[in-house]
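**Q** Pasting a structure below so you can have a look.
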Amino acid sequence: MDDYLAVEPLIISRLREQIPNTTIKSTWGAPKILENPDLAPAVLVFLEEDKPNQENGTSQKVEQIWLCLVVVSDAQNEAGPLISQVIKAMNFWQPPGETFTCFKRVKSNFSPDYSPNGVYYFPLAFSTSFIFEV
């Protein structure tokens, strides 16, 4: 594997395919999210956690946890349906090929949050793993 973050564009593509008419984009993590009420509704994708594990010699089994951050301005009417769509699109999804294991929903290190500017954030974390040759 030449691209350690190769699954990210696959996640973006999957979400865009499964949830049309919603902004889906990658970011570099929660601290890099620039609050923009006009962005909502959206799903922002970033690597939440990376867990390498030495297997043998030059092979590492790597678990990556990817966060799909649901961003809405109307939590009462928008959050539930969009959260459901993300879970249906990602949980038990098998990316094409044999590189990555199917995604499973896991607990996120982030909690749902609210901004004084009227933006609500709902974190949904999904785990996959792969073998990385060093």
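The values are calculated or read from the model by the stated rules, or taken from the named source; none is laboratory data. Note that the structure is predicted; figures quoted are calculated from it, not measured. Every residue, glycine as well, gets a Cβ built from its backbone with ideal geometry; the counts of neighbours run over all protein chains shown.
**Q** Out of all the residues in region 3-15, is one or more at pLDDT below 85, under 12 Å from the mean Cα position of the chain (by Cα), closer than 22 Å to Val106 by Cα and not in a strand (DSSP E or B)?
**A** no
**Q** A further question follows. Looking at (1) at pLDDT 90 or above; (2) in a loop (DSSP other than H, G, I, E, B), which is the one condition that is false for Trp28?
**A** The single condition Trp28 does not satisfy is (1).
**Q** If a residue must be under 22 Å from Leu15 (Cα atoms) and surrounded by fewer than 18 Cβ atoms within 10 Å (Cβ to Cβ), how many such residues does region 114-128 contain?
**A** Number of matching residues: 0.
**Q** Still on this structure, I have one more. Using the structure shown, decide if Phe132 is modelled with pLDDT of 95 or more, more than 13 Å from the chain's Cα centre (by Cα) and not aliphatic (A, V, I, L, M).
**A** So Phe132 fails the test.
**Q** Just give me the residues in region 100-109 being of a type in the set (S, T, N, Q), surrounded by 14 or more Cβ atoms within 10 Å (Cβ to Cβ) and touching a residue at least 40 places away in the same chain (Cβ under 8 Å), in sequence order.
**A** Listed by number, the list holds a single entry, Ser108.
Yes/no matrix, rows are residues, columns are (1) more than 20 Å from Pro41 (Cα to Cα); (2) free of Cβ contacts under 8 Å to residues at least 60 places away in the same chain; (3) polar (S, T, N, Q):
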{"position": "Val86", "(1), (2), (3)": "no, no, no"}
{"position": "Gln94", "(1), (2), (3)": "yes, yes, yes"}
{"position": "Ser111", "(1), (2), (3)": "no, yes, yes"}
{"position": "Tyr114", "(1), (2), (3)": "no, yes, no"}
{"position": "Val119", "(1), (2), (3)": "no, no, no"}
{"position": "Phe122", "(1), (2), (3)": "no, yes, no"}
{"position": "Ala125", "(1), (2), (3)": "no, no, no"}
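**Q** Within region 81-116, can you find the residues that are polar (S, T, N, Q) and not in a loop (DSSP other than H, G, I, E, B)?
**A** Hits for region 81-116 are Ser84, Gln85.
**Q** Scan Gln85, Gln64, Gln60 and give me the residue that is at negative phi, modelled with pLDDT under 95 and surrounded by 14 or more Cβ atoms within 10 Å (Cβ to Cβ).
**A** Gln60
**Q** Tyr121 versus (1) more than 22 Å from Ile19 (Cα to Cα); (2) in a strand (DSSP E or B); (3) modelled with pLDDT under 95: which is the lone unmet condition?
**A** Result: Tyr121 passes all but (1).
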